[in-house]
Amino acid sequence: MEDRDRPEQGPACSVDLSHRVRAHRPVGKGPEAVVVDPDRRRVHVACSRSNAVVALELDGDRAGPVWRAEVGREPIPIVLDRPSGRIFSADARSDTVTVLDAATGARLAQLPVGAYPAGLGHHPGLRRVYSGDTADGTVTAIDADRLEVVGTVPAELGAGSIAVDTERDRGYCANFMAGSLTVFDAASLRPLERIAVREGPCKAVAHPAAGHLYVASSLHGTVTRISLGTGAVLDEMTVERAPVGMCVDAARERLYVCNRGAGTVSVLNTATGRETHRITVGNAPGDCALDPVSGALLVSNAGSGTLSFVDRPWLPGPVQPAVHPLVGRPLPAFELPDLRGGRIRTSREWAERKYVINFFASW
């Protein structure tokens, strides 16, 4: 047997079961919404401060975008309509929804909607895209095939993120300023009910298979779980500071929550409602999406201008070293003799930087 044919020595299998941030890829200024195109193996990102949408390869480590398309001012949410191969971008400061060809980035249309559209919802079966118009407190419905506005729904002030229950044909618009959800019939556009939630709801995500709706409250650092069947609030889950983006992994019963104020993603077990672990990503993570093929989690970092690729995000990361409880607390008062002259030096002098003390050598 030649050397190259000999089996490897040591353990039969050595596997790192922790999640791993594989890369932070630059995308543009202020990246917000993220959508995955599994057919073309691409990820699309709305760069709010670049006024553009970019497409990147999901596989490999290609640094630059496949294409970059100019849209309206401050694109925040985007959705992918897979049947037509179109990207819809809500341009908050242009009061428009821009439609792009997902393959090339070519602009197909730009439709006027309500004032400051900051949220988008999508119902592939009904061929509808819904825009949450924040300043007008309305929802604008767009025909995904004809690319025209087909109606509006009265919501409340701060209308933004829209979740769609495709099994019950209902839409849920999160009204940030009103602290509520407007429930409407996704087909007829008829308002159905109002659900009161915590102040500052900025993201709503539906999980029709489980019968749950999740609403992130950025002001309270919580996620509220609501029954899609009854509209009743079931419970509330605590995450970190300023949760603003979410996505559901239905197969593994996981909810990923982007904590903008903490630079982390909270991983919640949707069966128990408990946080299992957190993933450190870039600065000010805004939104996230899962690649259904590889299982990777893609996280946009608005403060870093990057997109984080996280492998196996459903598994806890490596155990962090223990931190002494006094780390980060003010230095306690102390007095030490000056070794050269015998003068007593105090913590006040240390604080005022009048004298440098070799503190560790003094023990």
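Where a number appears in this text, it was derived from the coordinates with a stated rule and is not lab data. All values derive from a computational prediction rather than experimental measurement. Here the Cβ is made from the backbone with ideal geometry for all residues, glycine too, and neighbour counts use every protein chain on show.
Structure summary
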read-out: Of the trypsin sites (Lys or Arg not before Pro) in segment 224-295, those whose Cβ has at most 10 other Cβ within 10 Å and which sit in DSSP loop; value: none
read-out: Of the GluC sites (Glu not before Pro) in segment 144-192, those whose Cβ has at most 16 other Cβ within 10 Å and which sit in DSSP loop; value: GLU167
read-out: Test item: Cα-centred dipole of segment 186-257, Lys/Arg +1 and Asp/Glu -1 on Cβ, debye; value: 160 debye
read-out: Distance between segment 35-94 and segment 229-285 - C-alpha centres, whole angstrom; value: 23 Å
read-out: Amide proton proximity set for HIS277, modelled H, under 5 Å, gap of 5+; value: VAL267
read-out: Normalised contact order of segment 53-92, rounded percent, pairs of Cα under 8 Å and 6 or more residues apart; value: 34 percent
read-out: Cα gyration tensor shape for segment 15-143, rounded if a/c is under 1.5, else prolate or oblate; value: prolate
read-out: Cα gyration tensor shape of segment 223-271, rounded if a/c is under 1.5, else prolate or oblate by comparing a/b with b/c; value: oblate
read-out: Placed amide H near ALA250: partners under 5 Å, 5+ positions off or other chain; value: none
read-out: Contour excess over end-to-end distance, with Cα ends at SER18 and THR272 and 0.36 nm allotted per residue; value: 89.3 nm
